[in-house]
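**Q** One structure coming up, written as structure tokens, with questions to follow.
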Amino acid sequence: MSGLGESIYREGIEQGIEQGIQQGIEMFILDNLEENVPVSRILEKLQRRFHLEEGMAREYFEKYASMEA
């Protein structure tokens, strides 16, 4: 594979991994909301399981929790 081709390939792999992580976080949040888990507990679990800082966990929660309605 040429340098440019390999770079594009690696970029695609990284984007796919990132997209998969995002989908996992979304499903995690929606599932916990469906189970009536308190928001504070969901945020704690996001930080621990996905290795997120508190602010990033909150951003994900706000983004995906609003999609539940």
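**Q** Working from Cα positions, state the angle (0 to 90°, nearest 10) between the long axis of helix 3-34 and the longest principal axis of the chain.
**A** Result, in degrees: 10.
**Q** Principal axis extents for the chain, Cα atoms only, whole Å, descending order, please.
**A** Projected onto the principal axes, the Cα atoms of the chain cover 51, 24, 15 Å.
Every read-out reported here was derived from the displayed coordinates using simple, explicitly stated rules and does not represent laboratory data. Note that the coordinates shown come from a computational prediction; the quantities given were computed from them, not determined experimentally.
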